[in-house]
Amino acid sequence: MSVNPMGYSSSIETEQAPQYQWEDNPCPVCESRECIRLGDRGGQAHKHRKGVRCTIVQCRVCSHLYPHPMPMTDDPNALYHDVDEYFVNHDPQTKIEKARILLQELERYCNGRGRMLDIGSGRGELLYAASFLGWDPYGVEASAEFTEFAKATYGVQVTQGTLARANYPDATFDLVTLGAVLEHLYDPKGMLRQIHRILKPDGVVWIDVPNEASLYNTIGNLYFALQGKDWVSQLSPTFAPYHVQGFTRRSLLQLLTQTGFSALTLKLYTGRTLLSRKTAKEHFEYWAASLVNQLARWTRTGPYMEVVARAMHAGT
């Protein structure tokens, strides 16, 4: 069994676990060290013992959530390597159709179609939809396996590696998309600064992230507390999908402002309930989660956030 610096034992065998370096980090958004401990996540603090146990905190200044210390790895391929397993709940045709609708909506903010970059392009569905709509699409993907899948399946142009490694010139793109990416990054602020540089004046970024202040998470944490468990439902730093950043509406808007963007729209929405239903308890949890999702739709406190923001430059 592996042990992290906080003394928690892992539920996965050492040879199977990614090798983490545990960093004493400030808030990734505002860099404050004033935080509140919310509870634990992963390992013995997970009903299926997934990952390695770590502590989730919330910044007192900007409300952002993050693990402290931060479990970091230098090799993203150690985390994102099995296409079928990682995207098990994602239907390709559904994603292509949703991508088509999204891109048509984004056209009005970009004054038509132009050159776009999809960061964290995964299997390539958004790039595939973009090419048929008349965009000039490019992708960047950290996972070598995901990159090869996208190229072989959809024939799209994807650079394997990081945005920094791709080294695009200044003012290259009209649109940059970040769908389910920012929550995976150790340095979201650095990513948005790079995006600001490569966007044309008045270029647009579209971001989709989980809303960690959702009704679903609030009730989920209460459910754990009623069972006497010091657990939280937010983030998944050491197991798939490996979320290490927990955005709230407040922290996301602050991050955008700090990196030179002005938010045009921000929408909270709900998705499908994906919990298992193998036992009586799991059936109850699924029913309860579905009810919470319905309440979240009515109260606009859904578990996902979607924002469109414009890059602001001097004189704009």
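General observations
- Label zone (residue 73, point 7 Å along Cα-to-C-beta; backbone nitrogen cut-off 20 Å) within region 158-200: 160-163, 180-188.
- Residues 255, 65, 226, sorted so that the one with the fewest Cβ neighbours within 10 Å comes first: 226, 255, 65
- Relative protection proxy for 257-263, 112-118, from highest mean packing down: 112-118, 257-263 (other beta-carbon atoms within 10 angstrom).
- Note on residue 170 and residue 265: their simple-model spin labels are 3.1 nm apart, each label 7 Å out from Cα toward Cβ.
- A Förster distance of 22 Å, applied to the separation of the beta-carbon atoms of residue 240 and residue 144, puts the FRET efficiency at 0.80.
All of the numbers you see were taken from the coordinates with simple rules; none came from a lab. Since this is a predicted model, take the numbers as computed values, not measurements. For neighbour counting, all protein chains shown are included, and Cβ atoms are generated from backbone atoms with ideal geometry for every residue, glycine included.
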